[in-house]
1. What does the extension gain come out to for LYS206 and THR61, with contour length at 0.36 nm per residue minus their alpha carbon separation?
2. Project the alpha carbons of the range 134-176 onto their principal axes and report the range along each, largest first, in whole Å.
3. Can you check what the net charge comes to around LEU33, using other residues whose Cβ is under 12 Å from the Cβ of LEU33 (Lys, Arg +1; Asp, Glu -1)?
4. Using only Cα atoms, tell me the angle between helix 16-30 and the longest principal axis of the chain; keep it within 0 to 90° and round to the nearest 10.
5. What is the fewest-to-most order of THR201, THR23 by other Cβ atoms lying within 10 Å of their Cβ?
6. For the range 166-231 and the range 76-91, what is the centre-to-centre distance using only Cα atoms, to the nearest Å?
7. Given the chain, what percent of its DSSP beta bridges are antiparallel, to the nearest 5?
8. Springs between alpha-carbon pairs under 10 angstrom, Gaussian network model over the chain: which of LEU77, LEU203, LEU51 fluctuates most?
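Each reported figure results from applying straightforward, stated rules to the coordinates on display, with no laboratory input. In this text the structure is predicted, and so the values were computed from the model without any measurement. We place every Cβ from the backbone using ideal geometry, glycine too, and count neighbours over all the protein chains shown.
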Amino acid sequence: MIKVVFIDIDNTLLSFTGYVKETMREGFSYFGLKPYKEDMFPVFERINNSLWRQLEQGSLTFEELVKCRWDLIFKELDIEFDGKVFEEYFLERLFYSAVPEEGAEDLLEYLSRKYTLCVASNGPYEQQMNRLRVGKMADYFDYFFISSQIGAQKPSGEFFDRCFSILREDRFPGLASEDVMIIGDSISSDISGGINYGMHTCLYQKDIMPERNNSGADHVVVSLSEIKRIL
């Protein structure tokens, strides 16, 4: 019986994609760079996803990621500009970004009446917390498991060990992995982490992707409203 639900933040509750496109468009204009075009976003997505996979695998730190991310992106886009300057602009705006995924607050209201809700997110603690506050979502959660504070990254077993340890000490002494479901958009982070730890898993991907059929998730949804039929 599911008692606890872990939920990812970026591209699950809050639209990171929407934020990035808006910030690239406005930032390129602000710094006098070439105008943003939609075919630039896939370059960001590919490089950023590759860096985050390295972070999840433990071969890259968050500090190393932010030092090189925009330099790599600008090199591929043939833009001559200091990536570290743009990274500072990017993170400053991200701190206050809270573009909700469709149906996110409605889902949280529904789930919070039935389960103990826990944020499960990689990233800087204060940034992620502020975004949840700005998006008026923080009050729905009982626990905030964010990698910079937990001291480990999803999908590592260490991340979930620490989450479960807190839950068992505080509220659920006999909590088992099968008592928990994790909801998220990342196959490499949320779903593989959940599967490896023995949790129930729900993959949220609003855009149809071929790998959806090979994710191994117990459930795959294309809208957050579908989750109310599962839980």
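1. On the way: separation 145, 0.36 × 145 = 52.20 nm, distance 2.89 nm.
49.3 nm is the gain from fully extending LYS206 to THR61.
2. Computed over the range 134-176, the largest-to-smallest principal extents equal 32, 23, 14 Å.
3. Here the count lands on -1.
4. Roughly 20 degrees, rounded to the nearest 10.
5. Details: THR201 24, THR23 21.
Sorted ascending by nearby Cβ count, the order is THR23, THR201.
6. 34 Å
7. Restricted to the chain, the bridges split so that about 5 percent are antiparallel.
8. Looking only at LEU77, LEU203, LEU51, the biggest GNM fluctuation is shown by LEU77.
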